[in-house]
Every structure is written in structure tokens, then in C-alpha cells.
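Colleague: This structure is in C-alpha cells; I'll ask about it shortly.
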Amino acid sequence: MGHKAYIAFKTEDMAYKDAIGELQNIDFIDKSLTEPINSTDQEYIMQKIRSDYLYDSTVTIFLIGEYSAENLGEYEQYYIKKELQASLYSSSMHSKSGILGIVLPQMKSSIWQGSTTCWKCGKQHSIVKINDSTVVSEFSYNYYIPEEGKCAWGEDDRYCVLVTWDDFVADPNGWIDQAFDKRLEPIASKTKVRP
């Protein structure tokens, strides 16, 4: 068995969540945040989600589908945002989780859009559209962690790990391990819980 994973998903993507449950040797928590926590204390909310929903998970899988964008609004994305915030939250009782974004097939061409020559450095860069029109800000901020003067991000510059559905299914525990390992890398100190 690998690391215990929690799956953050929109109801519209339930079939993919169920498909992960059918994969061999995947240890995941089959529970979702479905009701708001009645408090205005952000620390309490994060602790409550960690203890009641994320349990002993060490990696949160975020299913990136057509309904995962920040632009859909705070109310529409309340649960996904809180699950990712609680995953990124670190306290004396819980350490942060690794974050693995799985791009579902219908979103692949919206995320990966070829490459372009950079006007700043003159090199070729892949166009990976991780922003408010494709994901919630908790994922995009921690994927493209801001750094002054940066025109491209390498694997060491990103906390969140991104993979296509097909690549994930081919090696689920390898991708979960990669997200888990990010917790101990220097970039983990630059994450933001509520961007």
C-alpha cells in the first residue's frame, strides 16, 4: 500500500472518483466535505476539515474537470476550496498534504496548449493553462508559485503536481508518491493556504 489519498472533486466528476476507487493498491478516503462548517474562525475550519475529513491522508487528489475553475465563483467552489486549503494547512497536529491535480480527458486540450517562444528569454516554453479559468486559485497559486522575474516554472518551482488522467491510471502510485515527496522539498515552504 502507498500513501493514503483524499479525493477533492466536483459532483459532475463522480465517475472518475469512482474509477480511482476501483484501481488496484490505491488507499483513499471515501468521504467528502458536503456541508459548510459553522464558524468564521479560519483556523478552526481548517483543523475541523483535517480531523473530520482528511484524517491521516498525506496526498490530496484534485480532479480537474469542466467545473473546477475559480471563475465559477466562491459559492460554487466552496467545498473544493476548503478541501485544498485544509490540505495545504499545516499545524502542530497535522502536516500539509501533497497535492496531485489530475486533468480529466475533457480538459486536456484546455490545459495543455502547445508551446511558444518566450518574448522575455527567447526559449521555447510549454503553454500549461493553470489559472482561474481552469482551476481554483488554491491549486493555480501553488502550481505557479509567484517569483519576481520568472518566465517559466520547472518541477522544483511547483508544489502541486499535474498529470493527465491516462498517465495517472498507468502509474497511480508513482504520481501519488511524487505529490507526497513535494512535502519535504524546499518549495513546500512557499505554499499559500488561502491565496
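Colleague: So if I check each of Ile111, Ile61, Ile99, which one is closer than 14 Å to Ser137 by Cβ and in contact with a strand residue (DSSP E or B) (Cβ under 8 Å, 6 or more places away or on another chain)?
Modeller: Ile99
Colleague: When Ser57 is evaluated against the numbered criteria (1) hydroxyl-bearing (Ser, Thr, Tyr); (2) out of contact with any helix residue (DSSP H, G or I) (no Cβ under 7 Å at 6 or more places or on another chain); (3) not in a loop (DSSP other than H, G, I, E, B), which criterion, by number, is the only one it fails?
Modeller: In the conditions (1) hydroxyl-bearing (Ser, Thr, Tyr); (2) out of contact with any helix residue (DSSP H, G or I) (no Cβ under 7 Å at 6 or more places or on another chain); (3) not in a loop (DSSP other than H, G, I, E, B), Ser57 misses (3) alone.
Colleague: Please go through the stretch 109-167 and give me each residue that is assigned to a helix (DSSP H, G or I), in contact with a Lys or Arg (Cβ under 7 Å, 6 or more places away or on another chain) and over 22 Å from Ala188 (Cβ atoms), ordered by number.
Modeller: Across the stretch 109-167, the qualifying residues are Ser110, Ile111.
Colleague: Right, here's the next one. Taking the stretch 162-181 as the region of interest, how many residues are in contact with a helix residue (DSSP H, G or I) (Cβ under 7 Å, 6 or more places away or on another chain), crowded, with 20+ Cβ neighbours inside 10 Å and closer than 24 Å to Glu70 by Cα?
Modeller: 4
Colleague: Name the single residue, out of those in the stretch 123-139 being free of Cβ contacts under 8 Å to residues at least 60 places away in the same chain and β-branched (Val, Ile, Thr), that is surrounded by the fewest Cβ atoms within 10 Å (Cβ to Cβ).
Modeller: Ile127
Colleague: While we're on this one: Please tell me if Leu100 is touching a Gly at 6+ places or on another chain (Cβ under 7 Å), modelled with pLDDT of 95 or more and either surrounded by 12 or more Cβ atoms within 10 Å (Cβ to Cβ) or over 20 Å from Ile61 (Cβ atoms) (or both).
Modeller: Values: touching a Gly at 6+ places or on another chain (Cβ under 7 Å): no; modelled with pLDDT of 95 or more: yes; either surrounded by 12 or more Cβ atoms within 10 Å (Cβ to Cβ) or over 20 Å from Ile61 (Cβ atoms) (or both): yes.
Against the criterion (touching a Gly at 6+ places or on another chain (Cβ under 7 Å), modelled with pLDDT of 95 or more and either surrounded by 12 or more Cβ atoms within 10 Å (Cβ to Cβ) or over 20 Å from Ile61 (Cβ atoms) (or both)), Leu100 does not qualify.
The values are calculated or read from the model by the stated rules, or taken from the named source; none is laboratory data. This is a predicted model, so every value here is computed, not measured. Neighbour counts run over all protein chains shown; Cβ positions are idealised from the backbone, glycine included.
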